[in-house]
Amino acid sequence: MITASPGARITSPALADWRQLWRDSVTDSRELLSLLELGHLASRLPAEDAGFALRVPRGFVARMRPGDAADPLLLQVLPQLAEQEHVPGFVTDAVGDLASRETQGVLHKYQGRALLIASGSCAINCRYCFRRHFPYGDEMAAAGQWRQALEHVRQDTSINELILSGGDPLALATGKLEELSRGLADLPHITRLRIHTRLPIVLPERIDAPFVEWLRALPLQKIVVLHANHANEFDDPVDAACARLRDAGATLLNQSVLLRGINDDAGTLAALSERLFAAGVLSYYLHQLDRVQGAAHFEVSDTQAQSLVEALRSRLPGYLVPKLVREVEGDPSKRPL
Ligand SMILES: *Cc1c(COP(=O)(O)O)cnc(C)c1O
Ligand code: SF4
């Protein structure tokens, strides 16, 4: 990671500033391939990035296997020619988010839970993500000190859980999150705060002391839903970030996306659930891919998905088997498969 030049003072090398690490991410496909000793594959890259650039923190790159063009972490981030194919049924707004937006950055589809698109930014660009088609600003619900979003929540007392999602809500500065918790102080019907984030996995340094103190002090039940798709995404810094989150009082869950060529076999999914649990995280959802334009090459059929989960059930304790779901526009919940 960061090496000290002679005379430089680094107070906490284990927790290098996450914004600096973010800025230092790899954003060039050729550089990524050459770091992985795969430079000879550069000629197979798409000529353009189709508006969704490569972005990956160096700590995540360090968990990829050099020389392996089929590395499951690499395949999640490397632009492929297959993204340019137009496949019928794969569209830009795959889950009807535009239709269900209540007010700036608020999605309220399910009973009791309001989801705030807190931020449009992420530290990583996952090729299968619906976000590739959204013209997000950097701050959505967080704009204007969360005023519009909080007003929506104030007026609907059936909401008891607030979900911060995105993009990645932990892309926001901790100061922005403090503004939110001040706004929540006079909304007694909110009893739980849930954060959907991939940052503890891809940039674990984000879980720094000020953030942990903010989380610990929240007078609500706290749930952090991580997003990891493969056991190789874990290393010591990620384990340490999970430990800090648990220590701050958060229940840790994980959601994964079922991805062809990355985690579409029972052994890989079982290893993921075991690895998550070793880090204190329970497998929550295994999502069937949202049918997003440019992501068709990642899709696994429903039949295969169901038999994978059957196989998991026969080899893991029930609490390690994720629920296989798909998001269907207009449904009152994620749809079990
Ligand atoms: C997925 C989602 C939720 C959370 O659903 P759970 O089943 O509670 O995890 C809430 N709101 C929206 C809009 C969602 O898409
Ligand atoms: S971290 Fe999540 S929101 Fe961000 S690009 Fe990846 S899948 Fe999409």
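Rule-based calculations on the coordinates, nothing more; no lab input. It should be emphasised that the depicted structure is a prediction, and the values quoted were computed from it without experimental measurement. Reconstructed Cβ throughout: ideal geometry from the backbone, glycine too, with neighbour counts over all protein chains shown.
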Given a Förster distance of 41 angstrom, what is the FRET efficiency for residue 282 paired with residue 43, based on the Cβ-Cβ distance and rounded to 0.05? 0.45
Cα to Cα, under 25 Å, and not fewer than 8 places away if on the same chain: which lysines meet these conditions relative to residue 323? 109, 222, 334
Could you check the spin-label model distance between residue 260 and residue 186? Points 7 Å from the Cα along Cα→Cβ, value in nm. 5.4 nm
Can you compute log10 of I(q)/I(0) for the chain with the Debye formula, treating each Cα as one identical point scatterer, at q = 0.07, 0.08, 0.09 Å⁻¹? -0.28, -0.37, -0.48
Run the numbers on the stretch 163-262 and let me know its relative contact order in percent, using alpha-carbon pairs under 8 Å that are six or more apart. 29 percent
Please name which of 297, 241, 157 has its Cα lying farthest along the dipole of the chain towards the positive end, using unit charges on Cβ (Lys, Arg +1; Asp, Glu -1) and the Cα centre as origin. 157
If we sort 116-122, 126-132, 209-215 on the protection proxy, mean other Cβ atoms within 10 Å, highest first, what's the order? 116-122, 126-132, 209-215
Residue-normalised 222 nm signal for the chain, counting each DSSP H run of n ≥ 4 as -39,500 (n - 2.57), nearest 500 deg cm²/dmol, is -8000 deg cm²/dmol
Can you tell me which of 238-249, 18-29 comes out highest on packing, and rank the rest after it, using the mean Cβ neighbours within 10 Å? 238-249, 18-29
Given Cα pairs under 8 Å that are at least 6 residues apart, what percent is the relative contact order of the stretch 98-336? 16 percent
